[in-house]
Amino acid sequence: MNDNVISVVAALIRDEEGRVLLVRKRGTAAFMQPGGERDPGESDIAALAREVVEELGCRVAESSARPLGVFECAAANEPDHRVRAAVYAVDVEGPVIPRAEIDQVVWVDPRALPDLPLAPLTRDHVLPLAGIGSP
């Protein structure tokens, strides 16, 4: 595998109004999907469930993960790196509270985006998917 490619899992989380949850990690500017790298031997779903609990304090609802695809683009916070993300739509249970390295969470309408700096994966792949159809 190319050392400049970071392999991650990412969650598309929506609320009842169809808004999409974005997070900003401490010391960074870009908003992105919650998620992160898999631990050795960890499945995509297990990694997503772990990252959501660590970053947001809520839980992925059992059997709610729906694969949306694998996307590769420029990494938001690592110069000269690319990110390869397996993206899943998931439902969460419990309150969303920024934890661990998360400084800020926002809910955005994928059809009427606020003026926020967005990670390439979020801007080019996830939000266009989220803006299609109903929540």
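The values are calculated or read from the model by the stated rules, or taken from the named source; none is laboratory data. Since this is a predicted model, take the numbers as computed values, not measurements. Quick reminder, even Gly has a Cβ in these numbers, built from the backbone with ideal geometry, and neighbours come from all protein chains shown.
What to note about this one:
- Candidate set: the stretch 14-45, residues that are under 16 Å from residue 66 (Cβ atoms) and of a type in the set (A, V, I, L, M); chosen: the one surrounded by the most Cβ atoms within 10 Å (Cβ to Cβ): 20
- Considering residues of the stretch 99-119 that are in contact with a strand residue (DSSP E or B) (Cβ under 8 Å, 6 or more places away or on another chain) and modelled with pLDDT under 90 only, the residue nearest to residue 14 (Cα to Cα): 110
- Residue 11 being modelled with pLDDT of 95 or more and either in contact with a Ser or Thr (Cβ under 7 Å, 6 or more places away or on another chain) or surrounded by 22 or more Cβ atoms within 10 Å (Cβ to Cβ) (or both): yes
- Residues located in the stretch 34-91, provided they are assigned to a loop (DSSP other than H, G, I, E, B) and free of Cβ contacts under 8 Å to residues at least 12 places away in the same chain: 39, 40, 41, 42, 43, 62, 63, 79
- Sole exception among (1) crowded, with 18+ Cβ neighbours inside 10 Å; (2) in contact with a Cys (Cβ under 7 Å, 6 or more places away or on another chain) for residue 95, by number: (1)
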